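Beneath this line is the structure, given in C-alpha cells, with notes to follow.
The values are calculated or read from the model by the stated rules, or taken from the named source; none is laboratory data. On a predicted model such as this, the values are computed, not experimentally measured, just so you know. Cβ atoms come from the backbone with ideal geometry, glycine included; neighbour counts cover every protein chain shown.
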Amino acid sequence: MSLLEIKGLHATVDGKEIIRGLNLKIQPGEVHAIMGPNGSGKSTLSYVLSGREGYEVTQGEAWLDIKHNLLEMSPDERARAGIFLGFQYPVEIPGVPAMTFLKTALNAHRAERGEDELDAMDFLKLVRQKAMDLGIGDDMLKRAVNVGFSGGEKKRSEILQMAILEPRLAILDETDSGLDIDALRVVADGINALRNEERGMLVITHYQRLLEYVVPDYVHILANGRIVRSGGKELALELEAKGYAEFLKAA
Amino acid sequence: MAADTQTIEQVQALGDQYKYGFVTDIDVDLAPKGLNENIVRLISEKKQEPAWLLEWRLRAYRHWLKMPEPKWAKVEFPPLDYQDAYYYAAPKLTEAPKSLDEIDPKLLETYEKLGIPLKEQEVLAGVAVDAVFDSVSVATTYKAKLEQMGIIFCSISEAVQTHPELVRKYLGSVVPYSDNKHATLNSAVFTDGSFVYIPEGVRCPVELSTYFRINQENTGQFERTLIIADRGAYVSYLEGCTAPMRDEHQLHAAVVELVALDDAEIKYSTVQNWYPGDEEGRGGIYNFVTKRGACRGRNSKISWTQVETGSAITWKYPSCILQGDNSVGEFYSVAITNNRQQADTGTKMIHIGKNTTSRIIAKGIAAGRSDSTYRGLVRMQRGAQGARNYTQCDSLLIGDKCGAHTVPYIECGNPTAQVEHEATTSRISDDQLFYCLQRGLSSEDAVSLIVNGFCREVLQTLPMEFAVEAQKLVGISLEGSVG
Amino acid sequence: MSVMETSASGTATPPWLTDLRARASETYEALGWPTQRVEDWRYTRLPERKDARGPGAAGAPELGAIPAAGANRAVLVNGRYRPDLSTLVDLPSAVQIGGLADVLRHDPDLVELYIGRLARLPNMPMTALNTSNLTDGIFVRVPAEYDLEQPLHLVSLGHGDDAAAQHPRILVVLEEGASARIVEHHTGSGSYFTNAISEFDLADGARLEHVKLQLEAPAATHVAGNYLGLGPEAQYEGFVLQTGGTVGRNEVHAYLGSSESDFTLNGVYLAAGRQVLDNTTRVQHAAPSSRSRQTFKGVLNAGARGVFQGKVLVERDAQQTDAHQLSRAVLLSSGAEVDAKPELEIYADDVRCSHGATAGELDEAALFYLESRGIPPTTARHMLVEGFLGETVDEISIEPAKDLIRAEIRSWLEANVDKKSRDPA
C-alpha cells in the first residue's frame, strides 16, 4: 500500500503551467530524491503537496496513506495528516516565540490523534532532548521563530520541528542550500535518525551533494514539470557526471 | 556630446549668486493690469479660441471668485493682490514666426544666456525645445522630425487651433477647473504652455523640453501643459524654469496634466530655478503649481522627478492617480531652501487599480532661515487589491536657524495593500565637513559634495543633460550657508 | 447641571476656580465642537454630544467585574470620586490620594499650583469643555524621593445613556525624585460620553510608569487628553490600550521642557465592527538632550478604522534631541482602514529624528508556515497577531496591568478573529 500516490498531476502558478502530468508513488520506509534544474517545478511540487495558496491544481490527484485526498484538504489538515514540508527558506515570524510555536503545533497534532495535550514539563523535556541531538541550544529556542537565525540554524530548526511532529511523509525542499559541510552533516544526521520503516521522505535537491549523506532508495529527474527518468541512487551520480542537459533532451 | 560640454561649460560659468538675473528689453504687448471677466475674454480673443474654451475659462473665473485661499501649507506670505498684476504679455510680433530665423534676435540671445541655444540644440543636442517667453510660446523646434512619427509637440494655443478634439477631450480631465484656487486661476487666464501627444505605440526618440522664463515685471506666468501618451507610447519631458531678479514677488500658477493610457509611460523632469528673492526675502517667485498625472491605462507609468532650488515660496505636489491595474507612479524630489525661502512640496499617490505600485523618494535640504516641508499623501482605496507603496523622506538641516518638516498622510483601506513609510532627519556632521576640508576641499565644495551625495538617488533619475546642471545648482543654491 | 450645584453647595468655590471655569467655558464656546474640517480631527468624526453635559443617573456600578490592577484603588463614577468604592491601604501620610473636590475644599491653593498648567486651553475644545465642568476628580501627590512601589489603580466608571456626559479629571503630581506606577482604567456601561483629562506633573528626576486602559462600554464614546510635563531627568514610561467605545480618541501631549528627560509611549489598539479608534500624540522637545520613543500597533477588523496622528516638534533650542516614532497596523479583512499621519517639525539641526509607518495584512508566508506545521488557521492568525503585538506588550513593567492587557487581547481575538475574517479576493 502506498504512502503517497500522485496521479497525472498538473498545476499552474499565476496561470502558467509548471507541473505537467506528474506521477509518483512512495511506499512506507522509502526515501525518494527529486532532482532537476532550476525552474523544473521542484519547489512547486512541494508547495502543491503542502497546499500553499496560489498553486493551483488543474488536473490529477494526490493521496496520502490511501485515505487522505490531499488536494481537498487545507494546509493544516494535510500537516496533521502527516505531511511535513522542510522549507527551502524557513519563514521568520517576529514576536512568536519558537517554543510557543512548537507547542501549539505539537498539541494540534496530538489533538488530531485523540491524545491529550502534553504538559509544559514533558514538552520541555521532549524539545530539549531532540534539540540537543541537533546542537540547538536553549538560546535559539527562546528567540522568535527563525528570527536572527543563521542559514544553518534555520535548517536545523526545520529538522527539529520534523523530529517533534513525527510526520508520515517529510518533503525536504533544498534542505542543503546555504549549508557548509559541517552544518550539512549535522542536518543529514538529523534526517537519517528519522528514517524508519513507516516514514517516507521526498528529498528535493539540485545537487547530488546531499544524497551522499542521505542516501535515497530512488532518484527521479524532473524536467519541464514531468519526471523524465527514474532510477536507483546511481542515477544521481550519472547526473552529476553528465549534467542536466543530457536528460533535458529526453524530456 | 557637444551639447553636454556646452551645458557643463555654461553651468561652470555661473558666477554670481543668481546668474539668470538679467532682463531682456523687447517690445511687449500688455493687457491692462488687473483681473476681471473682460481680461479673460481678451485672452481668449487674442488667442482666437473656440467658444467652448472661453466658456470653460469663464466658469473657472466665476468659481475662482468664490474660492478661499488654501491655508494648509506651512508657508507664510502676505495676501496676494490679484488686481496688481498683468495677466497677458505677449512679445510683439507682426505675425507668428515660421522658423527660428524669424524670431527676434534679442529673444534668441536671452536663450543663449540661459544656456539653451535653440539653433545649437536643434542640430546637436537632440532636444526639442518649446520655449515659453513670458506667456506665449515663440518657437518650437525639432517639429518636422517629430511630425513624421505622428508626435504632436507644440504650444497649447496652437494645439487648440490644430487639434481641438484632443485638447477638448483631455484639458481639465486630470486637474478640473475647480481643483484649487491656483489651478482655477490658471484655468481662467492661462496664456500658453506645451501640448504633447504621442500616438499609439510610438516611443518619442528625443527628450522633449520646455524652458520657462518669466521676464515681464508684474506678469504672472500661467502656463498650462498637457501631455498625452496613447497606448504603448513613451515620452520623457524636461522642464526648466528661471526668472530675472525683481524686487516684487511674482506669482507663477502653472498647471500640468499628464495622461497615460494602457502600457504608456511618461517621465516628467523639472529643474526649477526661479528667482528665490534676496537674503532678506525681498522679491522672488511664488511658485504655486498643480501637477498631476493620471495613469488611466493598465500597466501605465508616470514618473515625476523634480529639483526645486528656486522660488521664494514653492507650493507644489506632483501627483499620480493610479487607476489602471498594475500602473506605476513615482516621485523623486530634491527641494533645497536657503535664506528666507519656503518650500512645501511633496506628492499624492492615489491607488485605485489593482496591483498598483508607487515609490516616493524625497530629499529636503534646509539652510539659512528657510523652511522646507515634505507633505505627501498615499491613499489605498478599497479596491486597490495588492497595491504597494514605499516612501522614504529624508531631511538635512544646515545651520540652526532653519526648519525641516515631514507631514505624510497615509491612508490604507485595503488589507492586501502594503504601505511603508520612513523618514529621517540629519545634518552635515562636523566630522564629514572636516574630513573634506582636510582633504583640501573648500567648505562650499564640501557642502555641495555632501548634499549631492545626500540627493544622489534622486539626481540619478534625471536625464543626463539635466543631471549635470542640477548637481551644479545644488551647490550654487547653498552658497553662503556654511560660514 | 444639578449635580454640580449640589457638590458645590455649602462650600465657597475659590475665585481662581470660578475664573478658570469661565475662561474654559468661553474658549469652548469660541472653538465649538470639533469637526473634521479641523486638521487635528480630519480622520475622526466625534459624534456630537454637546448638549449632553450632565452626568448620567448614578446607578449601581459593577465594580466586582473589574479585575484589580493594583493594591490601592481610587474610583470615580461619572466623574465623581467615590470613597466608598475606593480602597487605599498602607499609604504613608505624606502620599496624598483622594477626591479632587475634597482637596479643593481643604487645600485649594495646592490644586491651583498644578491644575490646568499642563492641560492648556487654546485650540483644545474638549479640554476646555472638561475644564469648564471641573468640580471633582482624583488627586495624587507623591512627595519628593518617595517611591510608591505598589501600582495604583485609578478607575473611572461611566454609566448612562446618550444624554449622559462625564468629564473625569485626574491630577498627578510627582515631586523631585518621586516615582509611581499608575494604571488608569476607563470602563462602564451604557452609551454615555466620556471626556477625560489627566495631568501628570513630573518634577526633576521623577519617574512615572503609566498604563492607560480604554475599555469603555461598546456603545460609549471616549475622548481623553493626557497631559505630561517632564522636569530635568524625569522619566515617563507609558502604554495605552484602546479597544472600547464606538469612537475612542486618546490624545497624549508631552512637554519635554527640561534637558535629559526621557519619554516612552507605546500603544495597542484593537478595533472591530464600526469602531473608530484614534491615537493622537504630540511630543514637544523644548530643551536639549531629551529623548522620546513611541510605538503604536493597531489591529483592525472589517468595518473598523484606526487613526494614528503623531507629531514630534523639536524647538530651536532642543539640540541633541533623539526622537523616534513608529506606527504599524494590520488590516485583518477588507473594509478595515487605517489612517496614519506621523509628523516631524524640526527647528534644530543636531538631532536624530525619525519615524516610520506601515500598514498591511498578516504575512501570508508566515501563516502558511504555521499552517504547514498543522496549526489550524484561526490559531495561526491569533498567534501572528499576538506575536505582532507581543514585543510591545512585553515592555510593560506593571505586571498586573500586563496580564490584564494580554487577557484583553486574547478575548478580543476570540471574539473577532476566526478563519472567516479572512476573505479571499
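Under the condition of being exposed (fewer than 15 other Cβ atoms within 10 Å of the Cβ) and touching a strand residue (DSSP E or B) at 6+ places or on another chain (Cβ under 9 Å), which residue from region B:31-76 is farthest from residue B:289 (Cα to Cα)? This residue is B:32.
This table checks each residue for (1) more than 12 Å from chain C (Cβ to nearest Cβ); (2) outside any strand (DSSP E or B); (3) without any contact (Cβ under 8 Å) to a residue 24 or more places away in the chain; (4) more than 19 Å from residue B:452 (Cβ to Cβ).
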residue	(1), (2), (3), (4)
B:334	yes, no, no, no
B:372	no, no, no, no
B:377	no, no, no, yes
B:406	no, no, no, yes
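Within region C:282-290, not a single residue is more than 14 Å from chain A (Cβ to nearest Cβ), more than 26 Å from the chain's Cα centre (by Cα) and charged (D, E, K, R). Filtered by the rule that a residue be of a type outside the set (Val, Ile, Thr), part of a strand (DSSP E or B) and free of Cβ contacts under 8 Å to residues at least 60 places away in the same chain, region A:210-248 gives A:229, A:230, A:231.
Considering region A:50-62, the residues that are surrounded by 17 or more Cβ atoms within 10 Å (Cβ to Cβ) and not aliphatic (A, V, I, L, M) include one that is farthest from the other protein chains (Cβ to nearest Cβ), namely A:60.
Taken over region B:448-478, residues that are more than 20 Å from the chain's Cα centre (by Cα) and loosely packed, with under 15 Cβ neighbours inside 10 Å amount to 1. The residues on offer are B:418, B:385, B:381, and the sole one that is without any contact (Cβ under 8 Å) to a residue 60 or more places away in the chain, more than 9 Å from chain C (Cβ to nearest Cβ) and out of contact with any Leu (no Cβ under 7 Å at 6 or more places or on another chain) is B:381. In region B:388-397, of all residues being more than 7 Å from chain C (Cβ to nearest Cβ) and not hydroxyl-bearing (Ser, Thr, Tyr), the one that is nearest to residue B:358 (Cα to Cα) corresponds to B:389. The set of residues in region A:7-22 being closer than 22 Å to residue A:231 by Cβ, surrounded by fewer than 22 Cβ atoms within 10 Å (Cβ to Cβ) and either under 18 Å from the mean Cα position of the chain (by Cα) or hydrophobic (A, V, I, L, M, F, W, C) (or both) is empty. Taking the conditions exactly as written (of a type outside the set (S, T, N, Q) and modelled with pLDDT of 95 or more), does residue C:171 satisfy them or not? So residue C:171 fits the description; yes.
Those helices (runs of 4 or more DSSP H) of region A:66-146 in which 3 or more residues are away from chain C (no Cβ under 12 Å) and either under 20 Å from residue A:173 (Cα atoms) or more than 19 Å from the chain's Cα centre (by Cα) (or both) occupy A:120-133, A:138-142. If you go through region B:395-447 and keep only what is hydrophobic (A, V, I, L, M, F, W, C) and either surrounded by fewer than 20 Cβ atoms within 10 Å (Cβ to Cβ) or at positive phi (or both), you end up with B:433, B:434, B:436, B:437, B:441. Looking only at region A:47-64, residues that are outside any strand (DSSP E or B) and among the hydroxyl-bearing types (Ser, Thr, Tyr) come to 2 in all.
Among the residues of region C:391-412, those identified as within 14 Å of chain A (Cβ to nearest Cβ) and either touching a helix residue (DSSP H, G or I) at 6+ places or on another chain (Cβ under 9 Å) or acidic (Asp, Glu) (or both) are C:391, C:393, C:394, C:395, C:406, C:409, C:410. Of A:54, A:86, all but one fail to be modelled with pLDDT under 95 and over 26 Å from residue A:239 (Cβ atoms); the exception is A:54. What about residue B:392, is it surrounded by fewer than 20 Cβ atoms within 10 Å (Cβ to Cβ), of a type outside the set (Asp, Glu) and free of Cβ contacts under 8 Å to residues at least 12 places away in the same chain? In short, no.
When you look at residue B:278, is it in a loop (DSSP other than H, G, I, E, B), modelled with pLDDT under 85 and over 25 Å from residue B:61 (Cβ atoms), yes or no? Criteria met by residue B:278. Filtering region A:19-46 to residues that are more than 28 Å from residue A:197 (Cβ to Cβ) and in a strand (DSSP E or B) leaves A:19, A:20, A:21. In this structure, residue C:380 qualifies as closer than 23 Å to residue C:417 by Cβ and out of contact with any strand residue (DSSP E or B) (no Cβ under 7 Å at 6 or more places or on another chain).
Every test in (1) within 14 Å of chain A (Cβ to nearest Cβ); (2) modelled with pLDDT of 95 or more; (3) farther than 21 Å from residue C:269 by Cβ is passed by residue C:314 save one, and that test is (1).
The numbered conditions (1) at pLDDT 95 or above; (2) surrounded by fewer than 22 Cβ atoms within 10 Å (Cβ to Cβ) are all true for residue A:200 except (2). When restricted to residues that are over 21 Å from the mean Cα position of the chain (by Cα) and hydrophobic (A, V, I, L, M, F, W, C), region C:72-118 contains 12. Summed over region C:355-377, the residues that are of a type outside the set (A, V, I, L, M) and at the interface with chain A (Cβ under 10 Å from one of its Cβ atoms) give a count of 10. The residues of region C:278-317 that are without any contact (Cβ under 8 Å) to a residue 60 or more places away in the chain and among the hydrophobic types (A, V, I, L, M, F, W, C), listed by number, are C:283, C:286, C:287, C:296, C:300, C:304, C:308, C:312, C:313, C:314. Can you give me the number of residues within region B:423-463 that are farther than 25 Å from residue C:352 by Cβ and of a type in the set (Val, Ile, Thr)? Result for region B:423-463: 1. Based on this model, can you work out whether residue B:466 counts as in contact (Cβ under 8 Å) with a residue 24 or more places away in the chain, away from chain C (no Cβ under 11 Å), of a type in the set (Phe, Trp, Tyr) and in a helix (DSSP H, G or I)? When the stated conditions are applied, residue B:466 passes them.
Determine whether residue C:179 is at pLDDT below 95 and among the polar types (S, T, N, Q). For residue C:179, the condition - at pLDDT below 95 and among the polar types (S, T, N, Q) - is not met.
Residues in region B:305-316: is at least one farther than 20 Å from residue B:238 by Cβ and of a type outside the set (A, V, I, L, M, F, W, C)? No, region B:305-316 has no match at all. Could you look through region B:291-327, keep only residues that are part of a strand (DSSP E or B) and touching an Asp or Glu at 6+ places or on another chain (Cβ under 6 Å), and pick out the one that is surrounded by the fewest Cβ atoms within 10 Å (Cβ to Cβ)? Per the criteria, the residue is B:303.
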